[in-house]
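The values are calculated or read from the model by the stated rules, or taken from the named source; none is laboratory data. Everything numeric in this text was worked out from a predicted model, so none of it was measured. Note that each Cβ is placed from the backbone with ideal geometry, even for glycine, and that neighbours are counted across all protein chains shown.
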Amino acid sequence: MLPAVESFLAGFPNLLLHLGVTLGLLAGAAALYTRITPHDEINLIRHGNVAAAISFSGAILGLAIPLAFCLAARIGVWDILIWGVVTLLLQILALRVIEALMHGLSHRIEAGEVGPAILLASVKLAVAAINAAAVTG
């Protein structure tokens, strides 16, 4: 058998496991995020609120970026689980601090104000980039 095919057959199950664990962490963190925000972003998005879509998109990317770095620097599934949970908790904590510092932000997003939503999404992504760099050392 060709070495490339052997390598694929040996590595593909690990790829599926690592990808599944990482996507599961992302889904869990996104669900937690939707529960701790003061407004119902999903409902707002369903009703066409662009500001909520921008904010939630920033949150999803902000959660995914550190996970992607965990996945890239992994040694095994336990590394992904441990460091993934740590980075997600740090990211959610940072998001809560940002929202607390920016008083009235939830009401402004509910009102559909795009400017504050873009600022919030940008801060979420900036924190994610720093969080991701920190986890890979």
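A few comments on the model shown:
- Residue check, F8 more than 20 Å from V135 (Cβ to Cβ), out of contact with any strand residue (DSSP E or B) (no Cβ under 6 Å at 6 or more places or on another chain) and either of a type in the set (D, E, K, R) or part of a helix (DSSP H, G or I) (or both): yes
- Contacts under 8 angstrom Cβ, first residue in segment 1-23 being without any contact (Cβ under 8 Å) to a residue 60 or more places away in the chain, partner surrounded by 10 or more Cβ atoms within 10 Å (Cβ to Cβ), 6 or more apart: L19/L71
- Against the test of being loosely packed, with under 13 Cβ neighbours inside 10 Å and modelled with pLDDT under 90, the options L101, L105 yield a single qualifying residue, L101.
- Helices (runs of 4 or more DSSP H) wholly inside segment 30-137 containing at least 1 residues that are closer than 19 Å to L19 by Cα and either touching a Gly at 6+ places or on another chain (Cβ under 7 Å) or not aromatic (F, W, Y) (or both): 50-72, 77-101, 114-136
- Every residue from segment 1-45 that is farther than 14 Å from L95 by Cβ, among the aliphatic types (A, V, I, L, M) and surrounded by 15 or more Cβ atoms within 10 Å (Cβ to Cβ): V21, L25, L26, L44, I45
- Residues in segment 95-124 that are in contact (Cβ under 8 Å) with a residue 24 or more places away in the chain, under 14 Å from G58 (Cα atoms) and not hydrophobic (A, V, I, L, M, F, W, C): R96, E99, P116, S122, K124.
- Subset of segment 1-41 (residues that are modelled with pLDDT of 90 or more, β-branched (V, I, T) and more than 24 Å from L101 (Cβ to Cβ)): V21, T22
- Hits in segment 36-56 (condition: touching a residue at least 60 places away in the same chain (Cβ under 8 Å) and either among the β-branched types (V, I, T) or in contact with a strand residue (DSSP E or B) (Cβ under 8 Å, 6 or more places away or on another chain) (or both)): I36, T37, V50, I54
- Pairs, first free of Cβ contacts under 8 Å to residues at least 24 places away in the same chain and over 14 Å from G24 (Cα atoms) in segment 65-94, second of a type in the set (A, V, I, L, M, F, W, C) and surrounded by 16 or more Cβ atoms within 10 Å (Cβ to Cβ), C-beta under 9 Å, six or more apart: D79/C70; L89/A29
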